[in-house]
Every structure is written in structure tokens, then in C-alpha cells.
Amino acid sequence: MMMRWMLNTLITLFTSILTGVLIRINPGRAPTPEDLQTFIDVLFSNEIAHRGGSFNAPENTMCAFNKALEHGYKVIEIDIQYTADGIPVVIHDETLDRTTNGNGMISDKTIGELKTLSANNNFSNVEDCTIPTLDETIEFAMANDVILLFDVKGGVFCGKISNTLTHIEEKYPQFKNKFAVISFFPDVLLKVRQDHPTVFTGFTRRHDHIQDEALKAGYRSPSLHPLLFLSDKIYDFFMFYMFVPWMKINMLEIRKDDVSESYVRDVAPRPVLTWTVNDPVEKSFFKRIGCSVMTDVVSDEPAVFN
């Protein structure tokens, strides 16, 4: 399984090089420098509400989005999953158990079934929240001049996110340049760059991604640790020195533990967004070294739980 995953990654990287050559031959097939700079300026003049600000309200809900807006946040990061009837909805996990009063896989439920659930996630100081659709979230963003960052998972989501972006372009043409697709997964970013080359993109990374995925898959043998560690280093090299520049990925989202002043300097002029930064001192540090920060804390108001 691990070798198959690594092989698929290498195939994706090789394909990205060929795609990158074609993109470079046709410079029009990318966001314009002016549009990109305008977008980046907004990201760096605002903190980013991670999942809408999950400390102050139920994550990835309209309750959280309104709370973030109330406190001046104009950039919100959200997560996308898909229902059994193919509707993109805003929720982080593949299952309902952690953040709703339901259970089971989201991909096994219709949108009608999801809308009967509460997404209050044990918060008692908010009105009843439901799982929002992506369309509802976009309409909220458009009405309030909010930028959205779509965090997209890999695998079967590749084709679905391409279809979703086509839907956005057709239904919400005025939302162009008001969102970006960010992902840990190169197959997602490759698909976006191939099918929607003017959409802003960001590569999300932590230094132990392969090790973490292996642990989730049940690979816990100590003898595997050196191989997994080496795999992460090789993966980083290919991603940062081949995939990201060749695919013209616009920004990097890096876990805060992996970011330093020298790191930011090394990747310049590609912007760095760092996650998840909740401490005021840490926020000040990362802003000083030139990062935009994602935070769960959008207000000093105490959260109230059941």
C-alpha cells in the first residue's frame, strides 16, 4: 500500500512536469500577476479564520462564519466533502461523529439527511447550526466580500472538485479571484491546474506527512520509521523543487512547527501561510517574519460548551 502510494505520487510529479511545460508555453493559462497580487495582499492584510474559527463557534458552520465576520475576518478557510447525491458540503471529517449529532460516512448520506442534523458540536452559546452546502457558503462570502480557501482532500475528490469549480464558474462568475484551492495532495492540485488553470492554488505541507498517513493506515513497526522518514525527505524535495515551481502553485500552507524565518526567506517570493496559530505571541512572530496566519481564535469571547 505504501509503495503504491509512493508510485502514484511519482507519476503525479512526472505528469506535473509535462503539464508545467505546456503551461509555460502558454502564459495565459495561469492567474495574471495582477490578480494574484491583489489576492495575496488580502491574505496578508487579514488573519485567516481556520474552519471559520473553531474555538469560538462550531467549525465549518454559518455560526462560525458569521462570528468571524462580526470580528472583522475577511478570509475563511473551509473543508469540502461530498454527499451521496454529489452535493459539496462544508465539513472537515469524512464522518459525522465528531462535529454533529449524527454518525456514519458523509458520502453515504444525502443532502436531505444531512440537513436534519445539528452541527453545534457541543457549543451552547450559538443558535442551532447545520452543515452548510458549498453554494450556501459561497453566497455568504459574496454577500459579505469574504475570500474563501477550499481545503480539498485527494483520491476520488479530484474529479469532483474539477466539476465543482466548473459549477462555480458557471453559477457564480463574479466569485472569480475570490477563492483558492489548497490541498495536501498533489493529484488535486494537478487536476485543478489542468482543468482550471486560472484558479489560485496552494500546497499544504507538514514535514511528517507520509509518516502520519502511515500511522493512520496502521503501519506502526519501528523498523519502518527510517524508511518513512527518508520518504518524507524525498517527497519534500520533489514537491518543493519540482512540483510546486513547475505547476506554478501560488502559495504554501505550512504547519507552524515547520516554519522559521530562514524557511520563509528560502521560499520567497512564494507566499507562506502558516497553521494553526492561536497564541498572540506566536501570531506576532509569524507576521513579523512575513507569514499570513490561520487561527481558530477569532474573538476573546469565551467559548461555552454543553
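The values are calculated or read from the model by the stated rules, or taken from the named source; none is laboratory data. All of these numbers come straight from a predicted model, not from anything done at the bench. Virtual Cβ from ideal backbone geometry, glycine too; neighbours counted across all protein chains shown. With ligands, DNA and RNA removed, areas are computed over all heavy atoms of the protein, side chains included. Shrake-Rupley method; radii C 1.70, N 1.55, O 1.52, S 1.80 Å.
For segment 268-278, filtered to residues that are open to solvent by 30 Å² or more (accessible area, probe 1.4 Å) and hydrophobic (A, V, I, L, M, F, W, C), the residue that is nearest to the chain's Cα centre (by Cα) is Trp275. For segment 152-173, indicate whether the set of residues that are aromatic (Phe, Trp, Tyr), farther than 15 Å from Pro31 by Cβ and modelled with pLDDT under 90 is non-empty. Within segment 152-173, one or more residues are aromatic (Phe, Trp, Tyr), farther than 15 Å from Pro31 by Cβ and modelled with pLDDT under 90. Applying the criterion of at least 2 residues that are of a type outside the set (A, V, I, L, M), in contact (Cβ under 8 Å) with a residue 12 or more places away in the chain and under 22 Å from Pro31 (Cβ atoms) to the helices (runs of 4 or more DSSP H) found wholly in segment 176-277 leaves 186-195. Taken as a whole, the structure leaves His196 outside the set of residues that are open to solvent by less than 20 Å² (accessible area, probe 1.4 Å), closer than 30 Å to Ala68 by Cα and modelled with pLDDT under 85. Please pick out the residue among Ser231, Ser284 that is open to solvent by 60 Å² or more (accessible area, probe 1.4 Å) and more than 22 Å from Gln37 (Cβ to Cβ). Result: Ser284 is the single residue among Ser231, Ser284 that is open to solvent by 60 Å² or more (accessible area, probe 1.4 Å) and more than 22 Å from Gln37 (Cβ to Cβ).
Kindly indicate the residue of segment 136-152 that is loosely packed, with under 15 Cβ neighbours inside 10 Å and of a type in the set (A, V, I, L, M) and also farthest from Thr274 (Cα to Cα) among those meeting that condition. Only one residue fits best here, namely Ala143. Of the residues making up segment 74-93, those that are surrounded by 13 or more Cβ atoms within 10 Å (Cβ to Cβ) and in a loop (DSSP other than H, G, I, E, B) are Lys74, Thr83, Ala84, Ile87, Ile91, His92, Asp93. For Glu59, the test of being under 25 Å from Val297 (Cβ atoms) and either of a type in the set (Asp, Glu) or open to solvent by less than 20 Å² (accessible area, probe 1.4 Å) (or both) is passed.
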